[in-house]
Structure formats: C-alpha cells, structure tokens
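Colleague: Please see the structure below; I have some questions.
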Amino acid sequence: MANNYSTPPSNMNGIQRPGRGMVVVKPKNLKGTLIRLWKTTAGHRKGLGWILLLSILASATAILSPFLSGKAITLINNGDPVNIVLLSLLIIYISEWLNKTLQQFIMAKTCQNIIHHIRMGLIQKTLKLPLSFFDKHQHGELMSRLTNDIDNISTTISNSLSLLFTYFFTIIGIFIMMVSLNPLLTLVSIVGIVAIFILTKFITSRTKKLFKERQVNLGALNGHIEEGISGITVVKAFSREEKMQQEFEEKNDKLCKTSIDALIYSGYLMPLTNVINNICFLLIAVFSGIMYLNNVFEDIGLITTFLLYIRQFNRPFVEIANIYNNFQTAVAGAERIFEIIDQDEEPADAKNAIKLENAKGDIEFKNVSFEYKKDYLILDDFSLKIKAGTQVAIVGPTGSGKTTIINLLTRFYDVTSGEITIDGHKLEEYTMKSLRETFGVVLQDSSLFASTVKDNIAYGHDNATFEEIVEAAELSGADSFINRLENKYDTLLEQGGLELSQGERQLITISRAVIAKAPIIILDEATSSVDTVTEQKIKRAMVNMCKGKTSFIIAHRLATIRDSDIILFIEKGKIIEQGSHDELIKLNGKYAQLYLTQTGAI
Amino acid sequence: MKLIFRYIQKHILIFAFSMLFLTMEAVADLLQPTLMSMIVDNGITNADISLIIKYGIIMLLIAFVGAFSAIMRNKFASTTSQTIAKEIRSDLYAKVHTLSFENIDKLHPASIITRMTNDVTQVQEFINGLMRIMVKAPITCIGAIVLIIIRTPKQAPIIAIILVIVSILILGNIKFGYPKFGIVQKKLDGLNSTSREFLSSVRVVKAFSAEDAEEAKFVESSQELALANTEALRVMAVFAPLISLTVNFGIIILLWISKSQSSEQIGKLMASVNYMTQVLFGVTMISNMINVAVRSIASSKRINEIFNEKPAQVKAENAQAIDIHGTITFDNVSFKYAKSSIESLSNITFEVKSGSTIGIIGPTGSGKSTLINLIPRFYDATSGKVLIDNVDVNTIEEHCLRNAISLVPQKSLLFSGSIKDNLLWGDENATDEEIEHVAKIACVHDFIMSTSDGYNTLLGQGGVNLSGGQKQRLSIARALLKKPKILILDDCTSALDSKTEKTVLEGIREYAKDATVIIISQRISTVMKSDSILCIDNGEIQGHGTHNELLDSCATYRNIYISQIGGEPNGK
C-alpha cells in the first residue's frame, strides 16, 4: 500500500515542472506530434520496451499489495497462520522495489539518450539554416528551444509516460479486483470519483483564467525589472528613481493580488477532494460494516483491502488530469522544436556543382534585385563589373544596401532576380562550401569564441600549423599585442574576447581572414567602432591582406577608403556615383559633399 | 535564511494563524485512522451499527474541520508568501536605486535582474512550502509515530529502527545526489553558452564554413549533459525506491508482530498500517522540502548580497540645493575604478565656463566617458575635486545636481511605452509643441511622423524596433527636453551620417545657448567647432585649446587629425 506515495518526488531532479493550475499550452496537433516524436526516436528506443513491461509489473504489485495486506489482516483476525501471506507480501514489496529501481535506472539512460538525439537533430538542423532565419528570430527564443523545450520533453514526457502507463494499468486492475470483491462497494467509490471529477472541472475552469492573468502580470513585472535595471544609468541621470519605483509598485501589487487570488481559489481543490474522499471512506466503512454484520461476507480483511483500494483508485484520477496537462505543455514544446526542423535549409548544391578553387576574382552583378520582404526592395536592378584584383569601396547612408551586396555575394541570401557571377560562373553553380571558402570576411562585430587566441585565429582551418597562425598574426599586426598576453597564442579568451579591446579583437578577426588565404577579401565596417590609432593599424593590415586580390571594403569613415581603386556611392539600392576618390571629388556630387562634411570643411 | 525569517517576522500574526490551521489540518488527518480503527474494533466487532454511524459522523465532522483548516491555511499561506515576495522585490528595487554605479558594476546588472526575478520566486516557493507542507510533514510524521507507540507500545522499537534507516537514506540521497545535480547545472550552463556563442557568431560560422567544428562542440556539450543527467537520475533511482521499501518492510513487520494479536485489536492494526503510510508520506515530503530549502538558502544569500551592499557614495550631510549656472571645474582629479589597479584618470585639471562648448576627443579607453561620469556624480573622484559654479559636486543635493545635467549616453536606452512617454522623461510637464520642437532639433520628427501612430507609437522593450540612429536621435531629444544647464553628449551621434550629425549639433547649439555643452567624440569633425577641445589619452590631458591651437601644440591631436582627414593640417 505504500505505493501510494512512493512515486519519485517530482522536484528532486532540480527542474521545476509546471504544477497544478499552471498555464497549460495546448499542442496544435497532439496525435501528429506524438507520432512524429516517436519516429524521431528511431534507433534510440532500446529500453523503452523494458520500461513498458516494468510499468505493467509495477501496476501488478500496486494491485496485489493491498489485497495481500487485507488478506493478512483477515488471517490475523481469524487467528490463522499468516506466514505465507506475509511472505508473499514481502516478495511483492521486494519485487516492487527491484522493479522501480530498475525502471528508473533504465529510464535515466534511455531518456537521456533520446533527448541527446533530439537535441542533436535540432542542432544539426539549426546549423544548416540560412542566415535569414537567424535575422528573423530572437536569440533568446532559439535558446529556449534548445534547452527549455527539450528539457520539458525529457522530464515531462518520460515521467508522465511511465506514470500514465502505471496509473492506467492500476486503475483497470483495481477496478477488476474491486468489482470481483464487492460490486456494491465499488459503486460507492465510483460515485466518489465522479464527484471529485466534477469538483476539479469546476475549480480549474475558474483558476485557469486567474493563472493566465498571473502569467501576464509576472511578464509585465519582469519586463519592468529588466528595463529598469539595465537602463539604470538613464534612470539615475533623469532622476526617475521615484517614478520608476512607483510604476514598479503598481505592477508588483497587481501581480501579488492575482497570485493570491489564483492560489486561494486553486487551494480549494485539495481539501474539498479530501472531504469527498473521507465521505467515500466513511460510506464504505458503514456499508461494509453493515454487510459484515449481516454476513454478506465473512472476510473482515476485505474492509481493509477495500479501504486501501479506494485510496489507490481515487488518487490516479486526480493525478492523471495534472499529468495530462504537463504532457500537453511538453508536446507543445515538441511542436515548437519541429517548427524549426521544418524550416527550409540553405539550398543544397546543384547536382553538377563545381568547386570554386583559386578564384581569379572577376565578379559581375547583372541586374540584381533583392527584397527581404515582399515589395520591399533593398537592391534595385543593380549591375556592376569588377576585374580581378580591384579594390572596391562601398559607401552610402545606413540602410542603402551596402551589406546586402556582401550578403548576396557570399550567398547568405539569394538574389530575388538577376544573377551574380564569379570568374564567369553563376554563384549557384559552385558548391556552397567552396564558394564561402573563397571569401576572407571581416565583419563589424568581431565575434570571437571562448577558446585560445590560437584557435580563434585558426577558426575554420583546423589543420593550420602554428607557423601559419603566427604568420597570419604578423601580417595583420596582431602579433605584437598577442605576444604581450600572459600565455601568448595559448591565452584562453574566457569571456569570448571581451577581455581584449575592440581593436585587438578586430585584429584577431583580420588574422582569421588572412589565414584563410582567400582570393577575395570582404571588410564590412571593420573599423567603424575602433579609435583612430587602432584604425591606422587595421588599415595597414588591410593593405597587406588585400594586395593583388579582389576586395570589398564597406566603411563609414572615408579616410579608410580613399585609396581604393573604385568607390561606389550607394543610395536606396542603386549606385549613384562611381569612380576613384579624385574623380568623385571632381564630380562634386554626393560623395564630395559627404567627404567635405566629414573633414569639417563645411 | 535570516532574510526569510526577517520578512516572516513582519507577518508573524498571519504566520501564526497559518501554523494554527496547519496544525489543525494535520491533527484532523491524524485522527482519521484512529477513528477508523474505532469503527472497526468497537463498531464492527461488536456489531453496533449506531456506534459505527456515531463514529462515522465524528469522522466526517473532523474531515470538515480539516478541510476548513486547509482552506484557511491555504489562504493565509498564499497571502503571506506572495506578500513577502512582493515586499522583498520592492525593497530590492528601492535598494538598487540607492546604490551607485560602482556597486552596480560590481554586482552586474544581469545578475541583479536574476536575483530580483528567479531568486525571489525561489524564496517565495520556500515560504509557501514552509507554510503548507514543511511544518505539516513533521507534525504528521511525529504525530503518526506517537499514535502508533501510544496505541501499540510493542511496535515502538521497530518504528524507531525504520525511522533511523529512512533518515540515513534521505541523508544519503542528499549527500550523493546534490553534487550530481550541481554537475548537471554546470553542464547545462555549458550547453547554453555554446548555443549563445553560436547564435551570436552565426555569420562567422557560415562565412568560414565551420559548421562541422560547431557541431562537434555541440555534440560534446550535449553528450556531457546527457551523461551528467543520467548519473544524477540514477542516484535517485537507487534511493527513492529504497525509502519506500524500508517503510513497506515496516508494515510487514507490524503485521508479523501482530499475528498473535486478539481479534479486538484488528482496527488498531489497520490504523498502524495506515499511520505507517502517513509517515512515509511525511518523510518523502521532508526530503523534497530539504531540496527546496537548500535552493532557497542559496537564493536568499544572493538576495542578501544586494541588501548588504553598502552604497559606495556617501550622501553629504549638509547637501545644498544651489542654482546651477554651469561652470564646470576639474581640480587635479584622479579616478580609479574599484576593480582596477591603474588610474583611469590622472591629475585632470580644466575649466569650462558656463554657456560655452567643449569637445573631448581621444582613443577608446582613454577615459573620456569616465571623465564626464564624474560630473553628475555617477562615480566620485578618487582624489581631487569636481566643482560646479565653484561648489564641490559632492556637497550638492543629488536631485538638484542631476536635474541640471542632461546626459546622452553612448548606448541609447529607451523604455517600453510610447515615443512621447520616452521623451517626457526629460520633462513631465512638457507641452506637445515643446516635444515636437526638440524632436525637430534632433532630426527625428520626420521619422516619428512616418511611424503608424506618430508620437504615440509604442516602442518595444529597450526600443528594440528602432535602428541605432533612431534611438540616438530620440535620446538626444529626450535630453534636450530637460532644458539642462549642462548638456553632455557622450559619443551619441556615432550612428548618424555626417550630414545629419552636423544639422543636429547646430540645432543643439542654437537651442541650448546658455547651457554648457560637452561633446565627446572620436570624430574630429564633430568636435572641431567647439569653443575649446580637450584631447585625452591614457587618462591624461594631452592638450586643451581651440582646434588651431591644438594642431600646433598637441601631437596626439595632430595624429588623429591626419588619420581621419588626411593630408597636411595646414593644407586646406
């Protein structure tokens, strides 16, 4: 009978699961998602069969032990020898224990394997998604898919699945036992269950709304905290402390009120269920007492058995509702994961795709148009021919389409119409990998990884020798500061490079592009967030790197690009002016205007 | 823990009520099996239906009392725990406002946020649990044990042995389980940081075709997490079933000893069995609660760290409210950040007369922002004095000081709410005309009018739906609306193109004629028109003078000029 309470304590595994009355997120397609989830686990199901078998056994012990306890009491009551019954009870308990230990042991391994498998499936997919996906989705959202949703599947589905199995078999088994023992008493307990069911329905239909409201208020309060704390500089600068506190108190009060309401209301459920249980208990006691006295049955242990059964019978009904809710929330999480898995990947290479090796660097844009959203043209009929070895600078106001040109060239995005060629072949004719390896890219936000300086420079080129790494660092001028670091090239950048200055980070990313020995170089605002002294260093590194190669430089500061072969002035997705610095100054158009404003001449 | 009890003390009366009802609830639960046994022993065995009904009614009454107590207890417990959480949050928020930036830097804003959200929730759960289960479980446990012993003293030694074994098992679970869950947490953090890194560098990953390397990293961290989880769960797989096995053994032994019992005692035997399950229930609850308690102790420690943080800046005792005109004097000021070993500013001395404009230029990390942070007392000078109108800023009343200064920070921070709400931060009582006026100066009026609801357009959290340049211009407009005596622009035009920047700066000079304006920039074109320019490097003044003076006298300035504008400085 101790099975009642011996399900593993739910919050022992350190992860909080939505409990009673939490907001239930309903899956859109429960059955479809479950089938899909099942298919996903193919090849990792070893052990699931055991778990199922063991839960059937667990329910068997749950059914038998009250029966045996009751039997023992009857025998004791009659003064009969009880040893055999006690022995079988002992065996039941021991097998129950073995069963549980085994089940949880297998489950720990199987479930974690499945989770790892699903997680890797999601990650592999994510790695293949096009950049547009990452631009459209918030990082926090993606992170929560990778961790929260998957965790939910792991804890909830694994736990609730085995519990659902166990309860299902238990309920059926006990029902059969009860009916066979005494149908009338069974009827009484069923009345109790119906009453509990109605009560639960009644209360949850009201608390659902309250909990939803609480969730909204909690979101509002947390949002306020996040804003207020991360923006505390401004709060203090504008002496808004009191006002903020006041707003905070309002939201805090609101949350507190709805929480209390929700909790009080949902708190009616348990005590009232208890009362119903007790009434049931009493009715059975009275009925069975009367029956016993009237000699309907002679087995006094039957009463004990029945009283034990009714507890075990009622409990799963209350629990199943909860488990089902958690289960639904988890399946909804699985749906969100499948949503990502169903996204379009980056286009696969064409069947007869060629490898782009040692590209010369002749590039042509033919009537290229591009829109991120429908009817929202970023590039408009853009044509440009660049001979190998040319240094091209692109300038223009923010949002004019500068970065888009680069995104199309590297196939982060594909053109909406028109075509781009390198060395006479369309981009689509090359394999994606070889195409991207043709470019050495330095971006504005210098992304470094939390590994050593060495690894960061060799990023994407695992087989680079140490000599090559040092050579690249020397060429880009990064070696002087790297040599000053504690462990030089082996220094671990624990905070992903935040311990370095912006300029130092940028020099490492330039070294990274140098080591790629790429035939075409792209520098996208590589210098816009560093000071002018560092800019000089970076500029020198750029000159070294771009020698004899086709290169694209996007820059805010015109000083950086004065010496380029061609300067393109872009506005609203079109080339407005084009030529060398001197030519454009002579032209006295928009570029000249911009140059003069920057140098402060007007 | 102390923190939690301090807050509970405030609500001690309700807490006491809650405990009272909780006890009643537990007692009601405990009486049920005894009454049951009376029904069996006295009623059924004596064939006395009226006795059965009599006890039955008592039993039912007690059940009602129990239910009533539970409802009341729930009401008090919910109210108290939610109210305490509210109070802690609110006190924390107020406390954070009393802290200076030095404290906030030390605690990290992100960490303060998690403390105010997650940690407070953790404590709230604990208090709620404390008031509903934690006290009930021991009462039930002890009560059940006492009842078994009183009614059947013979069973006492067995109960004792079982309890000892169960306690050992619970302790074992804690001892072996917790470290494992600690590892799980660490591995989870590892996976999280791998994902975060990947997401923020996705362009680089793709540009360098390094998907395989990333996948390898993920495989490793995901596998480590799976392993850690498996191990942790397996510890539980050993202990949790062992605990129920022990209690079940207890039941068998009880039955075994009682086999020679007379038939009148059968009800008592049933009750004993029942009590044993109550003990098991209580014990499971306690081990759960220890888990919650451990976590909430960690949380309350983290919360307390904020409460115990001493504001780094002392409020002057006789702070004075003065009428600020705007002359700023730095008198041999040096400054060192608390964590740093080197000075960020050394021996800075200069003066800006009210109504004039000063430009500050220098490389990143040279100390420009640090310098201006001393003016509104975001930080205090380590040595030397910062004076406004010849009064030490440390002795000026804080609100009076900050109301006179408007600072546009490097990173523009906007808040959720409408555009108008955001601008009104500058001046609560500004009219629509005034708002429009400053928006025009900041060259943001046209943009605002192009949005769907104009000035009433709602901004997302932190102004997420705006571009960098739009945010910068809005935060300039907000600062202007304050009609400051001192206006500080901390490199806040970096996302504007040169033409717009020029228009904005000219507009500001026109609008804030009487104000002292400080412009920080890395672009020489932004500062060169100022009345004077301060050139800073490595926390020291390299030169102070007009553009032409500095070109002649300051090498650093000349270098910056050449690198940005090129050619010979005198050539144009």
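The values are calculated or read from the model by the stated rules, or taken from the named source; none is laboratory data. Because the structure is predicted, anything quoted here is derived from the model rather than measured. Cβ placement follows ideal geometry from the backbone for every residue including glycine, while neighbour counts extend to all protein chains displayed.
Colleague: Considering only region B:97-125, state which residues are among the β-branched types (Val, Ile, Thr) and within 16 Å of A:Gly223 (Cβ to Cβ).
Modeller: Within region B:97-125, B:Ile112, B:Ile113, B:Thr114, B:Thr117, B:Val120, B:Thr121 meet the criteria.
Colleague: Of everything in region A:456-479, what is part of a helix (DSSP H, G or I) and of a type in the set (Ser, Thr, Tyr)? Give them in sequence order.
Modeller: Passing the criteria: only A:Ser476.
Colleague: For the structure I just gave you, tell me whether B:Ala77 is facing chain A (nearest Cβ under 9 Å), at negative phi, at pLDDT 85 or above and in contact with a Lys or Arg (Cβ under 6 Å, 6 or more places away or on another chain).
Modeller: So B:Ala77 fits the description; yes.
Colleague: On to the next question. When you go through B:Ala228, B:Ala160, B:Ala207 one by one, which is the residue that is within 24 Å of A:Ile150 (Cβ to Cβ) and of a type in the set (A, V, I, L, M)?
Modeller: B:Ala228
Colleague: Output the residue which, of all residues in region A:114-130 that are in contact (Cβ under 8 Å) with a residue 12 or more places away in the chain and at the interface with chain B (Cβ under 7 Å from one of its Cβ atoms), is surrounded by the fewest Cβ atoms within 10 Å (Cβ to Cβ).
Modeller: Out of the qualifying residues, it is A:Ile123.
Colleague: Another question about this same structure. Check region B:209-216 and report whether any residue there is facing another protein chain (nearest Cβ under 7 Å), in contact with a helix residue (DSSP H, G or I) (Cβ under 9 Å, 6 or more places away or on another chain) and assigned to a loop (DSSP other than H, G, I, E, B).
Modeller: Yes.
Colleague: If you don't mind, there's one more thing I want to ask. What tally of residues in region B:87-106 results from selecting those that are closer than 16 Å to A:Glu226 by Cα and either within 7 Å of chain A (Cβ to nearest Cβ) or among the hydrophobic types (A, V, I, L, M, F, W, C) (or both)?
Modeller: Result for region B:87-106: 8.
Colleague: Sticking with this one: For region A:543-583, enumerate the residues that are part of a helix (DSSP H, G or I) and at pLDDT 80 or above.
Modeller: Those that are part of a helix (DSSP H, G or I) and at pLDDT 80 or above: A:His581, A:Asp582, A:Glu583.
Colleague: Quick check on B:Ala293: is it among the small types (Gly, Ala, Ser), within 14 Å of another protein chain (Cβ to nearest Cβ) and buried (at least 16 other Cβ atoms within 10 Å of the Cβ)?
Modeller: Yes: the conditions hold for B:Ala293.
Colleague: Also, quick follow-up: Among A:Ile176, A:Ile196, A:Ile190, which is the only one that is assigned to a helix (DSSP H, G or I), away from chain B (no Cβ under 12 Å) and at pLDDT 85 or above? Before the answer, list the steps.
Modeller: Working: A:Ile196 fails: at pLDDT 85 or above; A:Ile190 fails: at pLDDT 85 or above.
The unique qualifying residue is A:Ile176.
Colleague: In region A:93-113, which residues are facing another protein chain (nearest Cβ under 7 Å) and under 14 Å from B:Ile243 (Cβ atoms)?
Modeller: A:Tyr93, A:Trp97, A:Lys100, A:Thr101, A:Gln104
Colleague: Is there a residue being within 30 Å of A:Lys572 (Cβ to Cβ), surrounded by fewer than 16 Cβ atoms within 10 Å (Cβ to Cβ) and among the β-branched types (Val, Ile, Thr) anywhere in region A:410-417?
Modeller: Within region A:410-417, one or more residues are within 30 Å of A:Lys572 (Cβ to Cβ), surrounded by fewer than 16 Cβ atoms within 10 Å (Cβ to Cβ) and among the β-branched types (Val, Ile, Thr).
Colleague: Which residues, taken from region A:418-438, are of a type in the set (Asp, Glu) and either assigned to a helix (DSSP H, G or I) or surrounded by 16 or more Cβ atoms within 10 Å (Cβ to Cβ) (or both)?
Modeller: Once the filter is applied, which keeps residues that are of a type in the set (Asp, Glu) and either assigned to a helix (DSSP H, G or I) or surrounded by 16 or more Cβ atoms within 10 Å (Cβ to Cβ) (or both), region A:418-438 yields A:Asp423, A:Glu428, A:Glu429, A:Glu437.
Colleague: A further question follows. Which pairs turn up if I take residues in region A:462-475 that are within 14 Å of chain B (Cβ to nearest Cβ) and look for partners that are buried (at least 17 other Cβ atoms within 10 Å of the Cβ) and not small (Gly, Ala, Ser) with beta carbon separation below 7 Å, at least 6 apart in sequence or on another chain?
Modeller: A:Ala464/A:Ile515; A:Ala472/A:Ile457; A:Ala472/A:Val514; A:Ala472/A:Ile515
Colleague: Same structure again: If you go through region B:382-398 one residue at a time, do you hit one that is more than 11 Å from chain A (Cβ to nearest Cβ), on the phi > 0 side of the Ramachandran plot and free of Cβ contacts under 8 Å to residues at least 60 places away in the same chain?
Modeller: yes
Colleague: Also, quick follow-up: Out of curiosity, is B:Asn548 free of Cβ contacts under 8 Å to residues at least 12 places away in the same chain, within 11 Å of chain A (Cβ to nearest Cβ) and assigned to a helix (DSSP H, G or I)? Lay out the reasoning, then the answer.
Modeller: On the way: free of Cβ contacts under 8 Å to residues at least 12 places away in the same chain: yes; within 11 Å of chain A (Cβ to nearest Cβ): no; assigned to a helix (DSSP H, G or I): yes.
Considered against the rule, which asks whether it is free of Cβ contacts under 8 Å to residues at least 12 places away in the same chain, within 11 Å of chain A (Cβ to nearest Cβ) and assigned to a helix (DSSP H, G or I), B:Asn548 comes out as no.
Let's see how each residue does on (1) touching a helix residue (DSSP H, G or I) at 6+ places or on another chain (Cβ under 9 Å); (2) closer than 24 Å to B:Ile396 by Cα; (3) surrounded by fewer than 17 Cβ atoms within 10 Å (Cβ to Cβ); (4) within 13 Å of another protein chain (Cβ to nearest Cβ):
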position: B:Thr329; (1), (2), (3), (4): no, yes, no, no
position: B:Lys336; (1), (2), (3), (4): no, yes, no, no
position: B:Leu345; (1), (2), (3), (4): yes, yes, no, no
position: B:Ile348; (1), (2), (3), (4): yes, yes, no, no
position: B:Lys353; (1), (2), (3), (4): no, yes, yes, no
position: B:Ile358; (1), (2), (3), (4): yes, yes, no, no
position: B:Ser369; (1), (2), (3), (4): no, yes, no, yes
position: B:Ile372; (1), (2), (3), (4): no, yes, no, yes
position: B:Phe378; (1), (2), (3), (4): yes, yes, no, yes
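Colleague: Any chance you could count how many residues in region A:214-268 are closer than 27 Å to B:Lys106 by Cβ, more than 9 Å from every other protein chain (Cβ to nearest Cβ) and under 28 Å from the mean Cα position of the chain (by Cα)?
Modeller: Qualifying residue count, region A:214-268: 0.
Colleague: Related question: Where the second residue is among the polar types (S, T, N, Q) and outside any loop (DSSP other than H, G, I, E, B) and the first is touching a residue at least 24 places away in the same chain (Cβ under 8 Å) and at positive phi and lies in region A:389-412, which pairs have Cβ atoms under 7 Å and are six or more apart or on separate chains?
Modeller: That search, which allows pairs on different chains as well, returns A:Gly389/A:Thr550.
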